[in-house]
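Trainee: Just dropping this structure here.
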Amino acid sequence: MPNQSVDSDEPQLRIREMTIDDLSPVFHIGEEIFTAEFSPSLYRTWDEYEITTMFNSDSELCLVAERDEEIVGFALGTTVEKHNSAWKYGYLVWLGVRKGVQKGRVGDRLFREIQRRMREQGVRMIIVDTAADNEAAIRFFRKQGFGNVQEHVYMTLNLAKKRRRKKE
């Protein structure tokens, strides 16, 4: 069964590759989770183009968690090969679990499956990023074995606002 995994302790939860019919439910879960209020400085925007682009380019790394025939979570990843590097990197771009289901190991199961698939593709290191103040995500990823937490600087310039020139 290369396209799905089912743990015997939770037979009602199924992790499988995303299909075209899953695009809409996945988009709506992401809409609930990845809001401007949740992360006002989110530099990647959650939109249907992001999902369809990833689905069209790396469908084997686009997974859904399904319980009782309802999509309750998803993981969207890709791989990156850098010029002059022997390493192949995995990038977990989005991982989302429907509100109210987030304590039910759905995220753990999605992560384990995408990790397995990336390892099969020759990935040597997985990279994730999240807002520095997203404590729940940082705890989750530490639990998965991630370390080397580094904050990065993120700056914006709003081109729609008129800038005042400082008088010298």
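Trainee: Mind listing whichever residues of the stretch 118-147 are among the aliphatic types (A, V, I, L, M) and in a helix (DSSP H, G or I)? Before you say what the answer is, go through the steps one by one.
Mentor: First pass over the stretch 118-147, keeping only residues among the aliphatic types (A, V, I, L, M): 118, 123, 125-128, 131-132, 136-138.
The answer is Met118, Ala136, Ala137, Ile138.
Trainee: State which residue pairs qualify: first residue under 29 Å from Glu48 (Cβ atoms) and in a loop (DSSP other than H, G, I, E, B) and inside the stretch 3-25, second residue of a type in the set (Val, Ile, Thr) and modelled with pLDDT of 90 or more in any location, beta carbons under 7 Å apart, and separation of 6 or more residues or different chains.
Mentor: Close Cβ pairs satisfying both conditions: Met18/Val26; Met18/Val64.
Trainee: Quick check on the stretch 140-168: of everything there that is surrounded by 10 or more Cβ atoms within 10 Å (Cβ to Cβ) and modelled with pLDDT of 70 or more, which residue is farthest from Gln102 (Cα to Cα)? Spell out how you get there, then give the answer.
Mentor: The first filter runs over the stretch 140-168 and keeps only residues surrounded by 10 or more Cβ atoms within 10 Å (Cβ to Cβ), leaving 140-144, 146, 149, 154.
With modelled with pLDDT of 70 or more added as a condition, the list becomes 140-144, 146, 149.
Values: Phe140: 11, Phe141: 14, Arg142: 16, Lys143: 14, Gln144: 15, Phe146: 19, Val149: 23 Å.
Per the stated criteria, the residue is Val149.
Trainee: Pull up the stretch 26-45, narrow it to residues that are aliphatic (A, V, I, L, M) and not in a loop (DSSP other than H, G, I, E, B), then point me to the one that is modelled with the lowest pLDDT.
Mentor: Step one: list which residues in the stretch 26-45 are aliphatic (A, V, I, L, M), which gives 26, 29, 33, 36, 42.
So of that shortlist, the ones also not in a loop (DSSP other than H, G, I, E, B) come out as 26, 29, 33.
Details: Val26: 95, Ile29: 93, Ile33: 86.
It comes out as Ile33.
The values are calculated or read from the model by the stated rules, or taken from the named source; none is laboratory data. A quick note: this is a predicted structure, and the numbers were derived from the prediction, not measured. When we count neighbours, we look across all protein chains shown, and the Cβ atoms used for this are built from the backbone with ideal geometry, even at glycine.
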